[in-house]
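Asks: The structure follows.
The values are calculated or read from the model by the stated rules, or taken from the named source; none is laboratory data. Keep in mind the model is a prediction, meaning the values are calculated, not measured. We place every Cβ from the backbone using ideal geometry, glycine too, and count neighbours over all the protein chains shown. Surface areas here come from the heavy atoms of the whole protein model, side chains and all, with no ligands, DNA or RNA. Shrake-Rupley method; radii C 1.70, N 1.55, O 1.52, S 1.80 Å.
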Amino acid sequence: MEEEVKQKYVRSGKVIQKARKKAREIAEPGTEYREIADTVEDLIRNEGLEPAFPVNLSADEEAAHYSPGTGTERVIGEDEVLKIDIGAHCDGYIADTALTVNPSGKHQKMIETNREILEKALEFVKPGKTVGEFGTFVQNQIPDEYNVVRNLTGHYLGHYTQHAGVSIPNNRNASNHVFEKGDAIAIEPFLTKGSGKIKEGKEGNIYLGQGGNVRGRAERKLLKQVKGFEGLPFSPRWFDSFSGRDKMALKKLVQSGAVKSYPILREVDKGIVTQAEHTVLVGVDDGENIVTTRSD
Ligand code: MN
Ligand code: MN
């Protein structure tokens with residue numbers, strides 16, 4: 001890994017550490033989801049970077065891919081188990097991290113267990129180990145009372161690409177893919193009290209430009225703005241203004257396939273889901289890993 005690239009990964013990680021801290025501070029009962037997402041994304045921009053994707057705020061049995069829309073008034077509940085998944089990039093080099101909060105503390109043990117499993121998983125990753133060995137190791141750490149979510153995985157990070165090809169499952173798998181020095185990866189085990197499977201729900205206000213030719217002035221104008229996100233996911237909250245006409249145009253872009261709309265991912269048994277995630281540069285510090293997004 002080139003030194004310049006490494007420094008950019010480290011820089012985006014440093015900003016994300018601040019973003020995590022801020023998110024934890026303000027995620028209290030009664031705080032609006034929108035306030036959390038806007039505050040965290042603004043912090044990233046004020047540091048001179050850009051969000052790598054809209055802040056994901058997924059509650060209870062929702063595991064991922066919900067972000068508040070322009071009109072969302074939802075607030076955090078006392079007992080809510082809220083996954084806060086945050087990404088930033090420095091010239092396309094991404095830091096991806098997630099934490100889980102639960103104001104009442106009722107599910108604190110599960111959150112702690114998830115965090116400890118992530119720490120062990122981060123230790124396990126070394127040049128020469130395979131993705132298959134990793135999955136077996138992580139699965140063996142899961143206490144009987146929980147299941148690991150099988151169809152949500154860690155992943156490689158690429159330049160302006162959040163999911164760069166190789167998936168890193170947290171359960172037994174046959175992958176012979178070998179971790180190498182200089183790999184940039186996100187490790188993210190999810191625990192649940194359900195059976196450990198995710199299905200797609202309704203749309204979650206997260207979009208991705210796919211390109212293509214579109215008709216209509218409003219649609220073309222919107223698609224041009226979407227190109228500014230460099231192939232990374234975006235939120236309608238990020239536009240200076242987002243009128244009713246823009247909303248219709250976005251709907252048409254989704255229908256035509258020029259823009260992809262991500263569905264919310266929910267646990268099939270409505271089991272509570274927790275998540276913990278950090279970004280790792282494998283073996284780059286005299287053979288040791290750098291966990292770019294970890295400060296605490
Ligand atoms: Mn993430
Ligand atoms: Mn990730």
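Asks: Going Cα to Cα from Lys120, which lysines come in below 16 Å? Please leave out same-chain ones fewer than 8 positions away.
Replies: Lys129
Asks: Compare Val125, Val5 by solvent-accessible area with a 1.4 Å probe and give them largest first, with all protein chains kept in place.
Replies: Ranked list, largest accessible area first: Val5, Val125.
Asks: Further question on the same structure: Within the range 204-263, count lysine pairs with alpha carbon atoms under 14 angstrom apart where the residues are 8 or more positions apart or belong to different chains.
Replies: 6
Asks: Report, to the nearest 10°, how far helix 33-46 tilts away from the longest principal axis of the Cα atoms in the chain, using its own Cα long axis and a range of 0 to 90°.
Replies: It is inclined by approximately 80 degrees.
Asks: Students often check this: by mean Cβ neighbours within 10 Å, which of 263-275, 243-255 ranks highest, and how do the rest follow?
Replies: 263-275, 243-255
Asks: Determine which residues of the range 82-114 fall in the zone a paramagnetic label at Gln17 would reach in this model, i.e. backbone nitrogen under 18 Å from the point 7 Å along Cα→Cβ.
Replies: Answer for the range 82-114: 86-90, 94-99.
Asks: Measure nothing but the geometry: give the 0 to 90° angle between the long axis through the Cα atoms of 244-256 and the longest principal axis through the Cα atoms of the chain, rounded to 10°.
Replies: 60 degrees
Asks: So the label point goes 7 Å from the Cα of Val166 along Cα→C-beta, right? Which residues of the range 258-296 then have their backbone N under 15 Å from it?
Replies: The answer is 280-284.
Asks: Using a Förster radius of 45 Å, what is the FRET efficiency between Asp285 and Lys197 based on their Cβ-Cβ separation? Nearest 0.05, please.
Replies: 0.75
Asks: With the cut-off at 1.5 for a/c, could you classify the range 204-263 from its C-alpha gyration tensor as rounded, prolate or oblate?
Replies: rounded
Asks: Next up: Taking only protein heavy atoms and a 1.4 Å probe, what accessible area per residue, in Å², does the range 130-254 have with all protein chains in place?
Replies: Roughly 53 Å² per residue, with all protein chains present.
Asks: Please work out how much length the chain gains when fully extended from Val75 to Glu230, using 0.36 nm per residue of separation minus the C-alpha to C-alpha distance, in nm with one decimal.
Replies: 52.7 nm
Asks: Cross-link candidates for Lys18: which aspartates and glutamates have Cα within less than 18 Å, leaving aside residues fewer than 8 places away along the same chain?
Replies: Correct list for Lys18: Glu28, Glu35, Asp38, Glu41, Asp42, Glu47, Glu50, Asp85, Asp96, Glu277, Asp296.
Asks: I've got another one for you. With a Förster radius of 30 Å, plug the Cβ-Cβ distance of His159 and Glu123 into 1/(1 + (r/R0)^6) and report the FRET value to the nearest 0.05.
Replies: 0.65
Asks: Carbon and sulfur together cover what percent of the accessible area of the range 110-214 at a 1.4 Å probe radius?
Replies: C and S fraction of accessible area: 43 percent.
Asks: Over every pair of different alpha-carbon atoms in the chain, take the mean of 1/r and invert it; report that Kirkwood radius in Å.
Replies: Over the chain, the inverse of the mean reciprocal pair distance is 19.5 Å.
Asks: Once you sort the root eigenvalues of the Cα gyration tensor of the range 179-226 as a ≥ b ≥ c, which label holds: rounded (a/c under 1.5), prolate (a/b larger than b/c) or oblate (the other case)?
Replies: oblate
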